[in-house]
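Right, one structure below, let's go through it.
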Amino acid sequence: MSTNVLSPSVTLTVLNPEKLLHGSEPRHRFDRAGGSIGSQGAWRLHDRGVRILPVHCEIGWHEGHFCIIDHSGKSFMNGSDTQLLSGTPVRLRHNDRLQMGDYQIAIHLKGLFAPVV
């Protein structure tokens, strides 16, 4: 079996889609170019409590890994009560959980290396 290098991507999926407001999509895929998340981001998320900022955070490719860079001081990972440090890249891992406003978001990484069958 050989390996095939695939273009890496990360898909973020809202786990509680019943809380989505009209106009918000339940999932978004980012490639290595990354992008922003927020009420005015590439992935537009709005919440009832207006806790999601226009550019709440961004997904980026840093040192060979997908990372999240928070700009709000109001994002949390994997059930922690401690906010992500604003402006600091945090590496994303497959099946991580992100909390933003009302939303629980699953992280799914794909395509770094996949076996060819």
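The values are calculated or read from the model by the stated rules, or taken from the named source; none is laboratory data. Predicted, not measured: the structure shown is a model, and the values here were computed from it. Cβ coordinates were reconstructed from backbone atoms using ideal geometry, including for glycine residues, and neighbour counts include every protein chain displayed.
For region 85-108, name all the residues that are surrounded by fewer than 13 Cβ atoms within 10 Å (Cβ to Cβ) and at positive phi. Steps first, answer last, please.
Quick first cut of region 85-108, residues surrounded by fewer than 13 Cβ atoms within 10 Å (Cβ to Cβ) only: 85, 87-88, 91, 93-95.
Correct list: Gly87, Asn95.
Collect the residues in region 9-38 that are in a loop (DSSP other than H, G, I, E, B) and within 14 Å of the chain's Cα centre (by Cα), keeping them in residue-number order. Give the derivation first.
Residues of region 9-38 that are in a loop (DSSP other than H, G, I, E, B), as a first pass: 15-16, 20-26, 31-34.
Hits for region 9-38 are Leu15, Glu25, Pro26, Asp31, Arg32, Ala33, Gly34.
Just one of (1) at pLDDT 95 or above; (2) within 17 Å of Val14 (Cα to Cα) trips up Gly60, so point out which.
Failed condition: (2).
If you scan region 77-113, which residues turn out to be acidic (Asp, Glu) and in contact with a Lys or Arg (Cβ under 6 Å, 6 or more places away or on another chain)?
Filtering region 77-113 for residues acidic (Asp, Glu) gives 81, 96, 102.
Within region 77-113, just Asp102 meets the criteria.
Give me a count of the residues in region 58-84 that are at negative phi and exposed (fewer than 12 other Cβ atoms within 10 Å of the Cβ). Steps first, please.
The first filter runs over region 58-84 and keeps only residues at negative phi, leaving 58-62, 65-72, 74-77, 80-84.
Going one step further and asking which of them are exposed (fewer than 12 other Cβ atoms within 10 Å of the Cβ), we end up with 80-82.
Of the residues in that region, 3 qualify.
When region 97-111 is examined, which residues are found to be under 17 Å from Lys74 (Cα atoms) and charged (D, E, K, R)?
Hits for region 97-111 are Arg97, Asp102.
When you scan region 87-117, how many residues do you find that are under 16 Å from Ile59 (Cβ atoms), in contact with a Gly (Cβ under 9 Å, 6 or more places away or on another chain) and at pLDDT below 95?
1
Tell me the residue from Ser39, Ser80 that is out of contact with any strand residue (DSSP E or B) (no Cβ under 9 Å at 6 or more places or on another chain) and of a type in the set (Gly, Ala, Ser), please. So that I can check it myself, show each step before the final result.
Details: Ser80 fails: out of contact with any strand residue (DSSP E or B) (no Cβ under 9 Å at 6 or more places or on another chain).
Result: Ser39 is the single residue among Ser39, Ser80 that is out of contact with any strand residue (DSSP E or B) (no Cβ under 9 Å at 6 or more places or on another chain) and of a type in the set (Gly, Ala, Ser).
Residues checked against (1) exposed (fewer than 14 other Cβ atoms within 10 Å of the Cβ); (2) within 14 Å of Met100 (Cα to Cα); (3) touching a His at 6+ places or on another chain (Cβ under 6 Å):
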{"position": "Leu6", "(1), (2), (3)": "yes, no, no"}
{"position": "Leu20", "(1), (2), (3)": "no, yes, no"}
{"position": "Glu25", "(1), (2), (3)": "yes, no, no"}
{"position": "Ile37", "(1), (2), (3)": "no, yes, yes"}
{"position": "Ala42", "(1), (2), (3)": "no, no, no"}
{"position": "Arg51", "(1), (2), (3)": "no, yes, no"}
{"position": "Pro54", "(1), (2), (3)": "yes, yes, no"}
